[in-house]
Amino acid sequence: MSPTKKILNGLGVADVAIGGAAVAFGGQEKGLEVEVADARVRAITQTVSASGTVASELEVPISSDVSGEVVFLGVAEGDRVVQGQLLLRIRPDFYASQREQAQASVASAQTGVSQAARDVQQATVDAAQATADRERAARALARQQDLFNRDVIAASELEAAQGAVAVAQAAEQAARARIETARGRIAGAQAQVRGAEVGARQAGQQLAQTAIYAPITGTVSQLNIELGQKIVGTATMAGTELMRIARLDAMTVRIDVNENDVVQVELGDSARVEVDAYPDDPLAGIVTEIANSARVQNQGTAQAVTNFPVEIRLAAVGQTAGETARAAPEEGTPPRAPGPVLRPGMSGTVDIFTRTVPEAVVVPIQAVTVRDFNALRREARDEAEEDGEPLPDEDIPDEEDLRRVVFVMVDGKAEMREVTTGITDDTHIEIRSGLRGTEQVITGPFRLLRTEIADGDAVREADDPIEEEE
């Protein structure tokens, strides 16, 4: 829908009906009673408004990695905690037993390594002895062979020496085989030690995880458990959310901005925030995040609404929106909480100042109305025809030619000016062309501007505000 159509619908414009106004307002001689205002040159700022909820800029959900019964709960909802503070403890008995078993497995595996090492040493000694025996047997065989070659000994003695060498060689090979076997046992035992140590570390970690500490400094904004409650850990499933810790000294407001308005919003735009709980304490803010993905309500229906989430960071006490840092707050930075005590979930309304024209001609919004210029030309032609005046040779289209106009009070008469409009704020609208900023414009009554007043009508300023008829 075009801007002109919007104004037309907003004002409820009907067909232009001129005449009868003089009677209704006291006669043509006196003129129509109207309300007027001065067109002015000043800065005007366009705003985008939306509602949302207060949230902490940093809120950490806390869950447990292990399951069990809560045997100690050291905080309550709303408590202030510091980083590293003990929040709760889960019964550690089961995990302590697992760690002891894992440590015993480590000790057993290490014993296996030691035994295998001793076996290697013994097998090495046996192999050295077998090697010496083989060498003696070889030397004895050489002597026997020499004696046999000189026919000093019988063949049976030579065969006995050869058999002794074979036995010594077999013993040496067996000893070396035992060395390799023992070394293999060492490697296996060392692998068992490493596996047992991993299990021991895991058991130790699980035991340590039975104590849960605060990951950040903040306030317990939500507590979901009680002392004695059994909780589910996140090791194998979603687990139980125990609590939330939020930084209440760094607050934001999260709003949904319509798709037609979000294109006007930019990062760094300043904002004014009114929290429902503190209507008399407006807060300054700055746009820090604009979502790229939309949220569509009633998708697929005629009532579908497309919004984009926008995050507004609230400024600290004594700060303006422009002084608010855009980076996420770091631990140890000075608190910058707004003056009122805000809590996550509070509702508020945000006005984002999206664009400013410093030297603009502005008039009250109600001064701008819409007229159908084709209907006006047809009416002028009909009046000329009734008066017997020559008619202009032109075809007037049947469709509407809606244009924005402002009625200016000049020498006791209403002068219609076609205008081009720009941005608006809560009460005024920018006039880009058609006015200089020194005129007196007619702002009411609404019914008169909507349908009755026409170019050239005699008008006079009402002494008191005119009450609209029902």
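Structure data summary
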read-out	value
Value of relative contact order over segment 166-316, rounded to a whole percent, pairs C-alpha under 8 Å and six or more apart	18 percent
With all protein chains modelled, accessible area of Asp372 [1.4 Å, Å²]	20 Å²
Dipole moment magnitude, nearest 20 debye, the chain about Cα centre, only Lys, Arg, Asp, Glu C-beta charged	5360 debye
Accessible area, probe 1.4 Å, largest first, for residues Phe353, Phe407, Phe373	Phe353, Phe373, Phe407
Relative contact order (%) - segment 195-267, alpha-carbon pairs under 8 angstrom, separation at least six	28 percent
Cut-off under 5 Å, modelled amide H: who pairs with Leu242 long-range	Ile62, Ser63, Ser64
Value of relative contact order over the chain, rounded to a whole percent, pairs C-alpha under 8 Å and six or more apart	28 percent
Total formal charge among the other residues, if their Cβ is under 10 angstrom from that of Val120, Lys/Arg +1 and Asp/Glu -1	+2
Rounded to 5, the percent of DSSP beta bridges in the chain classed as antiparallel	95 percent
Rounded accessible area of Glu35 (nearest 10 Å², 1.4 Å probe)	50 Å²
Cα coordinate range in the chain, projected on the principal axes (Å, largest first)	169, 59, 40
Val125, Val370, reordered so the largest accessible area comes first (probe 1.4 Å)	Val125, Val370
Nearest-ten-degree value, helix 155-208 long axis tilted from longest Cα axis of the chain	30 degrees
Probe 1.4 Å, all protein chains present, accessible-area order of Asp425, Asp395, largest first	Asp395, Asp425
Accessible area of Ser108 in the full protein assembly, 1.4 Å probe (Å², nearest 10)	80 Å²
Carbon and sulfur %, accessible surface of the chain computed with the full protein complex present, 1.4 Å	48 percent
Local net charge near Lys413, Cβ-Cβ under 11 Å (Lys/Arg +1, Asp/Glu -1)	-3
Top positive-direction residue, dipole computed over the chain with Cβ charges, set Gly285, Gln162, Val106	Gln162
Dipole of segment 334-452, positive end: most advanced residue of Gly434, Ile352, Gly412 [Cβ charges, Cα centre]	Ile352
Accessible area per residue in Å² at 1.4 Å probe, computed on segment 163-219	54 Å²
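The values are calculated or read from the model by the stated rules, or taken from the named source; none is laboratory data. Model, not experiment: these values are computed from the prediction. With ideal geometry, Cβ positions are generated from the backbone for all residues, glycine too; neighbour counts draw on all protein chains shown. SASA here: full protein model, heavy atoms, side chains in, ligands and nucleic acids out. Shrake-Rupley method; radii C 1.70, N 1.55, O 1.52, S 1.80 Å.
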